[in-house]
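The values are calculated or read from the model by the stated rules, or taken from the named source; none is laboratory data. This is a predicted model, so every value here is computed, not measured. Because the Cβ atoms are built from the backbone with ideal geometry, glycine has one as well, and the counts that use them run over all protein chains shown. Remember, those area values only see protein heavy atoms, side chains included, never the ligands or the DNA or RNA. Shrake-Rupley method; radii C 1.70, N 1.55, O 1.52, S 1.80 Å.
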Amino acid sequence: QVEIWESGGGLAHPGGSLQLSCTASGNIARIDNMGWYRQHLTEPRALVATMTHDFSPKYSDSAKGRFTIARDNAKNTASLQMNNLKPEDTAVYYCYAYIEGATLWGGGIQVTVSS
């Protein structure tokens, strides 16, 4: 059984930075895409950043130029460096991993950007 969990959320001031980390554990042969979505209140969950197994990144328009995704295939981990945070980045951030045809999700972690 594979488990996904996130760490590193919390409170940041506008203009500040946070780094999120994601770890996938269990019997994992290969993770295809791995990345981050976020959900604010009742809005739909939306893509923030994702990366293929071959390290090709994709970002939402709001994340481009401010956020950087990275992953370590050997450790089954991913990270999201978030800089120049804005109040509208406030959301629950979810890590996902696409493994053997299935999308697996972490439980989510709160990021709050407020002065």
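Within the stretch 89-107, identify whether any single residue is assigned to a strand (DSSP E or B), of a type in the set (Val, Ile, Thr), touching a Lys or Arg at 6+ places or on another chain (Cβ under 8 Å) and touching a residue at least 60 places away in the same chain (Cβ under 8 Å), and answer yes or no. Before the answer, list the steps.
In the first step, residues of the stretch 89-107 are kept if they are assigned to a strand (DSSP E or B); the result is 91-99, 102-105.
Subsequent filtering for residues that are of a type in the set (Val, Ile, Thr) retains 92, 99, 103.
Restricting the remaining residues to those that are touching a Lys or Arg at 6+ places or on another chain (Cβ under 8 Å) gives 92, 99.
If we keep only those that are touching a residue at least 60 places away in the same chain (Cβ under 8 Å) too, we end up with 99.
The answer is yes; a qualifying residue exists.
For the stretch 26-37, state whether one or more residues are among the charged types (D, E, K, R) and under 12 Å from the mean Cα position of the chain (by Cα). Outline the logic, then answer.
First, the residues of the stretch 26-37 that are among the charged types (D, E, K, R): 30, 32.
Still in the running and under 12 Å from the mean Cα position of the chain (by Cα): none.
No: zero hits.
From the residues in the stretch 50-60 that are under 24 Å from ALA74 (Cβ atoms) and in a loop (DSSP other than H, G, I, E, B), which one is most open to solvent (accessible area, probe 1.4 Å)?
Per the criteria, the residue is ASP54.
Return a yes/no flag: does the stretch 26-49 have any residue that is open to solvent by less than 50 Å² (accessible area, probe 1.4 Å), among the polar types (S, T, N, Q) and either touching a Lys or Arg at 6+ places or on another chain (Cβ under 9 Å) or touching a residue at least 60 places away in the same chain (Cβ under 8 Å) (or both).
Among the residues of the stretch 26-49, not one is open to solvent by less than 50 Å² (accessible area, probe 1.4 Å), among the polar types (S, T, N, Q) and either touching a Lys or Arg at 6+ places or on another chain (Cβ under 9 Å) or touching a residue at least 60 places away in the same chain (Cβ under 8 Å) (or both), which makes the answer no.
For the stretch 10-25, name all the residues that are farther than 14 Å from GLN81 by Cα and open to solvent by 50 Å² or more (accessible area, probe 1.4 Å).
Answer for the stretch 10-25, where residues must be farther than 14 Å from GLN81 by Cα and open to solvent by 50 Å² or more (accessible area, probe 1.4 Å): LEU11, HIS13, PRO14.
Residue under question is LYS75, and the condition is that it be farther than 24 Å from GLY16 by Cα and either modelled with pLDDT under 95 or open to solvent by 60 Å² or more (accessible area, probe 1.4 Å) (or both); does it hold? Please lay out each step first, then the result.
Numbers: farther than 24 Å from GLY16 by Cα: yes; either modelled with pLDDT under 95 or open to solvent by 60 Å² or more (accessible area, probe 1.4 Å) (or both): yes.
Spelling it out, LYS75 is indeed farther than 24 Å from GLY16 by Cα and either modelled with pLDDT under 95 or open to solvent by 60 Å² or more (accessible area, probe 1.4 Å) (or both).
Hey, does the stretch 17-31 have a residue that's under 18 Å from THR112 (Cα atoms), among the hydroxyl-bearing types (Ser, Thr, Tyr) and touching a helix residue (DSSP H, G or I) at 6+ places or on another chain (Cβ under 9 Å)?
No, that holds for no residue.
What is the one condition in (1) over 28 Å from GLN1 (Cβ atoms); (2) part of a strand (DSSP E or B) that GLN110 does not satisfy?
(1)
Counting only residues that are closer than 18 Å to ALA63 by Cα, in a strand (DSSP E or B) and not hydrophobic (A, V, I, L, M, F, W, C), how many does the stretch 11-45 have?
Adding up the residues that qualify gives 6.
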